[in-house]
Each structure stands twice: as C-alpha cells, then as structure tokens.
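Here is the structure we will look at.
Bear in mind that the values in this text are calculations on the coordinates, not laboratory data. This structure is a prediction, so every number in the text was calculated from the model and none was measured. We place every Cβ from the backbone using ideal geometry, glycine too, and count neighbours over all the protein chains shown.
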Amino acid sequence: MSDSQVRTIYGMLSFKHRSKVLKQLRKTASPELHGHQIWQSCYMIMEYLEQHPPAEQTNILEIGCGWGMLGIYCAKNFNAQVTLTDADANVFPYAHAHADLNQAQVSTKHLAFSEIGESELKDKQILIGSDICFWPEIVKPLQALLTRAIQSGVKKILIADPGRHPFLRLAEYFVTEHNAKLLSWTLDNGTKNHGKILLIETGNAPA
Ligand SMILES: C[S@@+](CC[C@H](N)C(=O)[O-])C[C@H]1O[C@@H](n2cnc3c(N)ncnc32)[C@H](O)[C@@H]1O
C-alpha cells in the first residue's frame, strides 16, 4: 500500500488519518470511549517487550485495546496468541483492519473491564493495556480486574500511561500491595514522549 495511505512505526503499519480505509470505516463505526486513534503509550510497552520478549505462542490478553496495535504487534513479532478486548465494539473494525494490514491473526471480544472474569483470564500468561486508566471511575474496576488476573494465574501485567492521576492511583495500590514496579519510560523513537509502565510480576514470570 502506498505511503500516502499508511505509515510504519516499530515495524508496524498503520493507516494514516486521511487514508481511504479510515475514511470508509468512520462512516460506519465511531468509537466513543477515546478509541478513535492509536495512543502513544502503546509504544512504551512495545519497547519494553522488545527488550523482554515473551516466549513464542504466549497467550496474551489486551484490555481496552482500541485499534489493537499493541496486541497486533505481539501477534506479529512474538507469534503470540492474542485476544483483544474493549468495552466499545466500534473499535473492532479498526483493529481487524490493522491486523489484516499487518498480516497478523488476533481474536476480539467485546468485554468491559468488569466483565473479564476467571474463564477469560485462566489461560493467559500476560495481560497488557495502554492508556486505559484516564478517568477516576475507571480505577476501581481496573484494580478489581488486575487483582482477578493475579488470582487467576496471569504471570505478568503491563499497563502503560502518560502518567495521569487515575493511573498513578492504580499503580500506587499495586506497588504497595503486590510489590509491583512503576517504570519511568522515555520513547526511543525520536519523539522523547514519556510516561510510566506499571509492571506486575507474579511467581515465575515467563519473560
Ligand atoms: C485512550 S484509548 C486507548 C486505546 C489503545 N489501548 C491504545 O493505546 O491505542 C482507551 C480505550 O479503552 C477502552 N475503554 C474505556 N473504558 C473501558 C472499560 N470500562 N472497559 C474496557 N475498555 C474500556 C476504550 O473503548 C478505548 O478503546
């Protein structure tokens, strides 16, 4: 596809704002919970995973996936089995378009944080989410979800954020109660964009 339609970042292709594909998608699907673009925080986790690659075929759950670039990156680069979830079904046409563009296989499920239970979590080794804790009312359901993930045996949790207050509250809880780490991260892509990664590792983390 031509450079006028797509850009490449971290080896991943994404449709440009004015591309024909996005123009067409916008006619039928309008994400309503900020899932209308790819957010910078996902690149922090891509960089982290580049340095700490998961094993082949790892089962990964992405929460609040939006256009799903982070999960698609994992499927493409680590041959991971990826499930993308989001509370807003309108993001999935964008996620499928980007999975096809990058020739990656992912599955999607329409699930809010509060709807993700043990049956979804029990076979996952890694849980990822970028820029998902942006309202104060999201802290409680996310705290409960991450706690369920730990209890269900998820080995590693990575949540990235520019450093907003709700995210920092969430992070503080897991640093205090679960020995999690809060990593400061500056992107290595020339933008110097920076933020934080909450890293929760339980037991023998796979990567
Ligand atoms: C700022 S966007 C980030 C999207 C994507 N993770 C990224 O980094 O590009 C926030 C995403 O979280 C989703 N979201 C918001 N509240 C949610 C909830 N309670 N449960 C699940 N997903 C939610 C939105 O639909 C949206 O796709």
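Take the residue pairs Lys20/Lys156; Lys109/Lys156; Lys109/Lys181 and return only those whose Cα atoms are more than 32 Å apart. Going by Cα-Cα distance, Lys20/Lys156 fall outside the 32 Å limit. Reported to the nearest whole Å, the Cα centre-to-centre distance from the range 66-89 to the range 128-189 is 18. Just name one of Gly153, Pro93, Gln103: the one whose Cα is farthest towards the positive end of the charge dipole of the range 89-207 (beta-carbon charges, Lys/Arg +1, Asp/Glu -1). Selected residue: Gly153.
Specify the angular offset, from 0 to 90 degrees and rounded to the nearest 10, of the alpha carbon long axis of helix 41-51 from the longest principal axis of the alpha carbons in the chain. Tilt of helix 41-51: around 70 degrees.
Neighbours of Met69, meaning other residues whose beta-carbon lies under 12 angstrom from its beta-carbon, give a summed charge of 0 when Lys and Arg score +1 and Asp and Glu score -1. Sequentially through the range 60-74, phi angles give Karplus couplings (6.51, -1.76, 1.60; θ = phi - 60°) of 10, 10, 9, 10, x, 6, x, 7, x, 4, 5, x, 5, 4, 5 Hz, Gly and Pro residues having no value and appearing as x. Counting only alpha carbon atoms, the long axis of helix 165-178 and the longest principal axis of the chain meet at about 40°.
The Cα atoms of the range 99-163 give a gyration tensor whose axes a ≥ b ≥ c have a/c of 1.5 or more with a/b no greater than b/c, which makes the shape oblate. Label point of Gln51 set 7 angstrom out along Cα-Cβ; within the range 1-24, amide nitrogens under 19 Å from it belong to 10-11. Does the range 1-122 come out rounded, prolate or oblate by the C-alpha gyration tensor, with a ≥ b ≥ c the root eigenvalues, rounded set by a/c under 1.5 and, if not, prolate when a/b is larger than b/c and oblate if not? Oblate. Computed over the range 1-143, relative contact order equals 24 percent, with contacts defined as Cα pairs under 8 Å that lie 6+ residues apart.
Highest mean first, the peptides 170-178, 144-152 sorted by other C-beta atoms within 10 Å per residue fall in the order 144-152, 170-178.
With θ taken as phi - 60° and the Karplus curve 6.51 cos²θ - 1.76 cosθ + 1.60 applied, the whole-hertz 3J(HN,Hα) list for the range 107-117 is 10, 10, 9, 7, 9, 6, 3, 5, 9, 8, x Hz, x standing for glycine and proline. Which of rounded, prolate or oblate describes the range 94-207 when judged by the alpha-carbon gyration tensor and an a/c cut-off of 1.5? Cα axes put the range 94-207 in the rounded bin. Model label sites at Asp123 and Met1, defined 7 Å from Cα along the beta-carbon direction, differ in position by 3.0 nm.
Listed values for the range 189-202 are Karplus-derived 3J(HN,Hα) couplings in whole Hz (6.51 cos²θ - 1.76 cosθ + 1.60, θ = phi - 60°), namely 10, x, 7, 6, 4, 9, x, 9, 10, 7, 10, 10, 10, 10, and x replaces Gly and Pro. Spin-label model, Asn179/Glu32: points 7 Å from Cα along the beta carbon direction are separated by 4.3 nm. Relative to the globular-protein estimate of 2.2 N^0.38 Å, the Cα radius of gyration of the chain stands at 0.96.
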